[in-house]
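These notes are about the structure you will find just below.
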Amino acid sequence: MLVLEQAATSWKITSDHFMGIPVNMVFEDTRDGTWWVSLDHGHWGNKLLRSADKGSTWEEIAAPQYPEGSLIKEGVPASLRYIWAFASTGNGNSSGLWIGTEPGGLFRLDAENYAHLVESLWNFPGRSEQWFGGGRDYAGIHSILVDPRDDKHIYVGISVAGVFESKDGGRSWKPKNKGLRADFLPDPQSEIGHDPHLLIYSPSDPDVLWQQNHCGIFRSVNGGNSWDDISDRDGDANFGFAVAADPTDSKRAWVAPAISDGIRVAIDRKLCICRTDDGGLSWKTLRRGLPQEYCYDIVFRHALISNGQDVIFGTTTGNLFSSADGGEEWQTVSNYLPMIYCLAFAS
């Protein structure tokens, strides 16, 4: 895990943590400034840690565990394989943390640091038959959105299952996939079985949702009740993993495109980011300052972020780039990092 600080229009690495161990996810809880990380430790499995002092010290917390007898499907016991998402459970003084995992379990970490499996989602009808793995062995929850206006209103993005919504704090769930396509299924309009690569909302209007999907880019303006395909079929903005939304403009977002699901490298071996300023009606390809010759990088789902003006992304080959003007001009932060899984702004 690397910590960077901004100086003028550039970013500088100031510290590193967990040397040699893959870091799946990083998250800052804005309620109290706590940093959370998940580690994929190989031999020792997934680890969950937190820091109350900006990384000066770290405390290990017991990682989520599936209850005894839980099954992914008939004959396959459920056990933690990956920690893939974090979100705070409330916007006031409430404590707790939502944690998304593979094989498709959502957990709620309570004030005593015990992670409870959300049984209502785990026991959703048809889960064991209709949820399945895409790039990983089993379904995984990689996106958790808590409505800033109502912390009982929650969305999760699941690969491969789709978008699910709860309006009662996780007691019950409904799929929200109308308008999406799952071209890999016998019925592309199936209610369940979609593959959102990342699900986010526009902070200025949380009813506006975006997803970079296995089958294109989709946007909803009604809280997921319906989705519109906003892919640029004649341009670059189509297949990819990452999407970032502008915090003040609900029509503005960025994506990091690749060739296709079968060829997961930069389009034409030239790295680019695409931006829409009109809700996906049109897309602009941004290249200035990015490598344009023999580049094979792609950007993982959590490795593109923006605070509106600054846009930062990292790639599978350890390249890190930043822009101080919405993506018009790019600077190289480093070319010598490990594979970049996740980026997050800290206060």
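Quick notes on this one:
- Scan of the stretch 2-20 for residues that are within 17 Å of GLY314 (Cβ to Cβ) and either assigned to a strand (DSSP E or B) or touching an Asp or Glu at 6+ places or on another chain (Cβ under 8 Å) (or both), ordered by number: LEU2, VAL3, LEU4, GLU5, GLN6, SER10, TRP11, LYS12, ILE13, THR14, SER15, ASP16
- Residue satisfying all of: in the stretch 132-146; modelled with pLDDT of 95 or more and either β-branched (Val, Ile, Thr) or out of contact with any Phe, Trp or Tyr (no Cβ under 8 Å at 6 or more places or on another chain) (or both); nearest to LEU185 (Cα to Cα) among these: ILE141
- Those residues of the stretch 13-24 which are more than 15 Å from TRP58 (Cα to Cα) and touching a residue at least 24 places away in the same chain (Cβ under 8 Å), in sequence order: ILE13, PRO22, ASN24
- The listed residue being closer than 30 Å to ARG287 by Cα, part of a loop (DSSP other than H, G, I, E, B) and of a type outside the set (Asp, Glu), out of SER231, SER172, SER190: SER231
- Flag if LYS174 is within 19 Å of GLU129 (Cα to Cα), of a type in the set (Lys, Arg) and in contact with an Asp or Glu (Cβ under 9 Å, 6 or more places away or on another chain): yes
- Positions within the stretch 232-251 being small (Gly, Ala, Ser) and buried (at least 22 other Cβ atoms within 10 Å of the Cβ), in sequence order: ALA237, GLY240, ALA242, ALA244, ALA245
- Any hit, the stretch 196-208, residues being surrounded by fewer than 20 Cβ atoms within 10 Å (Cβ to Cβ) and charged (D, E, K, R): yes
- Within the stretch 252-299, considering residues that are of a type in the set (Asp, Glu) and assigned to a loop (DSSP other than H, G, I, E, B), the one surrounded by the most Cβ atoms within 10 Å (Cβ to Cβ): ASP297
- Selection of strands (runs of 3 or more DSSP E) fully inside the stretch 39-103 by the criterion of at least 1 residues being within 19 Å of TYR341 (Cα to Cα) returns 46-51, 82-88, 97-102.
- Hits in the stretch 264-301 (condition: of a type in the set (Phe, Trp, Tyr), more than 22 Å from TRP227 (Cβ to Cβ) and touching a strand residue (DSSP E or B) at 6+ places or on another chain (Cβ under 8 Å)): PHE300
- The residue of the stretch 312-322 that is nearest to THR9 (Cα to Cα), among those that are in a strand (DSSP E or B) and within 16 Å of the chain's Cα centre (by Cα), is ILE312.
- The criterion of being over 20 Å from ILE141 (Cα atoms), loosely packed, with under 14 Cβ neighbours inside 10 Å and not aromatic (Phe, Trp, Tyr) does not hold for GLY55.
- Whichever residue in the stretch 58-92 is closer than 17 Å to GLU28 by Cβ and touching a Phe, Trp or Tyr at 6+ places or on another chain (Cβ under 7 Å) and, among such residues, is surrounded by the most Cβ atoms within 10 Å (Cβ to Cβ): PHE86
- Candidates in the stretch 25-35 are the residues that are touching a residue at least 24 places away in the same chain (Cβ under 8 Å) and part of a loop (DSSP other than H, G, I, E, B); of these, the one that is surrounded by the most Cβ atoms within 10 Å (Cβ to Cβ) is ARG31.
- Residue under evaluation GLY308, criteria (1) at pLDDT 95 or above; (2) in a loop (DSSP other than H, G, I, E, B); (3) within 22 Å of GLN212 (Cα to Cα), criterion not met: (1)
- Test: residue in the stretch 132-143 that is part of a strand (DSSP E or B), over 17 Å from HIS194 (Cβ atoms) and touching a residue at least 60 places away in the same chain (Cβ under 8 Å): no
- Scan of the stretch 56-86 for residues that are of a type in the set (Gly, Ala, Ser) and either under 24 Å from ARG301 (Cα atoms) or free of Cβ contacts under 8 Å to residues at least 24 places away in the same chain (or both), ordered by number: SER56, ALA63, GLY69, GLY75, SER79, ALA85
- Filter result (aliphatic (A, V, I, L, M) and touching a residue at least 24 places away in the same chain (Cβ under 8 Å)) within the stretch 181-233: ALA182, ILE192, LEU198, LEU199, ILE200, VAL208, LEU209, ILE217, VAL221, ILE230
The values are calculated or read from the model by the stated rules, or taken from the named source; none is laboratory data. Being a predicted model, the structure only gives us computed values, none of them experimental. Cβ sites come from the backbone with ideal geometry, for glycine too, and all protein chains shown count toward neighbours.
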